[in-house]
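Novice: Just passing along the structure, written as structure tokens.
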Amino acid sequence: QVQLAESGGGLVQAGGSLRLSCAASGSIFSINVMGWYRQAPGKQRELVASITSGGVTNYAGSVKGRFTISRDNGNNTVYLEANSLKPEDTAVYYCKASAPFGRFYWGQGTQVTVSS
């Protein structure tokens with residue numbers, strides 16, 4: 001089992017920045033990909049960014065150039081640096097850990113609200 005704890009969400013004005021953190025605990029040796037997803041009201045959950053254990057990153061087109069995902073393997077933590085935030089970035093942001101054989105784990109989510 002893997003436990004994920006997100007933090008760093010909040011209310012920010014458009015153009016501002018936030019740094020989200022996701023701390024993993026438990027069977028962390030099994031994790032190969034960590035990702036950030038978001039879900040806005042009335043919309044499906046969507047991938048924001050992901051990073052492999054080897055540091056390969058992937059971003060949604062809507063955040064490319066504004067968001068940066070990074071991984072601190074020593075602290076078992078993944079970060080999402082979100083800059084130039086827009087009102088359409090408002091959502092609950094979830095951390096996801098993926099392991100072999102189709103296993104995955106979700107965090108509880110952290111609210112990000114961007115005011116115009």
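The values are calculated or read from the model by the stated rules, or taken from the named source; none is laboratory data. Since the structure is predicted, the reported quantities are computational estimates derived from the model, not experimental observations. Neighbour counts are summed over all protein chains in view; Cβ atoms, including those assigned to glycine, are modelled from backbone coordinates with ideal geometry. These accessible areas exclude ligands, DNA and RNA; they are computed on the full protein's heavy atoms, side chains included. Shrake-Rupley method; radii C 1.70, N 1.55, O 1.52, S 1.80 Å.
Novice: Considering only the stretch 19-57, state which residues are within 18 Å of R71 (Cα to Cα), of a type in the set (A, V, I, L, M, F, W, C), open to solvent by less than 30 Å² (accessible area, probe 1.4 Å) and more than 11 Å from the chain's Cα centre (by Cα).
Specialist: Within the stretch 19-57, A24, I31 qualify.
Novice: To continue, here is another question. Is the stretch 25-39 home to any residue that is within 14 Å of Y93 (Cβ to Cβ) and part of a loop (DSSP other than H, G, I, E, B)?
Specialist: The answer is no; no qualifying residue exists.
Novice: How many residues does the stretch 80-105 contain that are within 10 Å of M34 (Cα to Cα) and either in contact (Cβ under 8 Å) with a residue 12 or more places away in the chain or open to solvent by less than 10 Å² (accessible area, probe 1.4 Å) (or both)?
Specialist: 6
Novice: Now for a different question. Condition test on T52, is it at pLDDT below 95 and β-branched (V, I, T)?
Specialist: So T52 passes the test.
Novice: If I filter the stretch 1-11 for residues that are hydrophobic (A, V, I, L, M, F, W, C), in contact with a Leu (Cβ under 8 Å, 6 or more places away or on another chain) and modelled with pLDDT of 95 or more, do I get at least one hit?
Specialist: No, because not a single residue in the stretch 1-11 is hydrophobic (A, V, I, L, M, F, W, C), in contact with a Leu (Cβ under 8 Å, 6 or more places away or on another chain) and modelled with pLDDT of 95 or more.
Novice: Shifting gears a bit: How many residues are over 11 Å from the mean Cα position of the chain (by Cα) and assigned to a strand (DSSP E or B) if we restrict to the stretch 6-18?
Specialist: Qualifying residue count, the stretch 6-18: 5.
Novice: Follow-up question, since we're still on this one. Listed residues E81, E88; which is in a strand (DSSP E or B) and at pLDDT 95 or above?
Specialist: Sole residue among the options that is in a strand (DSSP E or B) and at pLDDT 95 or above: E81.
Novice: Which residues, taken from the stretch 40-61, are within 21 Å of V92 (Cα to Cα) and of a type in the set (A, V, I, L, M, F, W, C)?
Specialist: A40, L47, V48, A49, I51, A60
Condition check ((1) on the phi < 0 side of the Ramachandran plot; (2) in contact with a Pro (Cβ under 9 Å, 6 or more places away or on another chain); (3) loosely packed, with under 15 Cβ neighbours inside 10 Å) across all residues:
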{"site": "V63", "(1), (2), (3)": "yes, no, no"}
{"site": "R71", "(1), (2), (3)": "yes, no, no"}
{"site": "Q111", "(1), (2), (3)": "yes, no, yes"}
{"site": "S115", "(1), (2), (3)": "yes, yes, yes"}
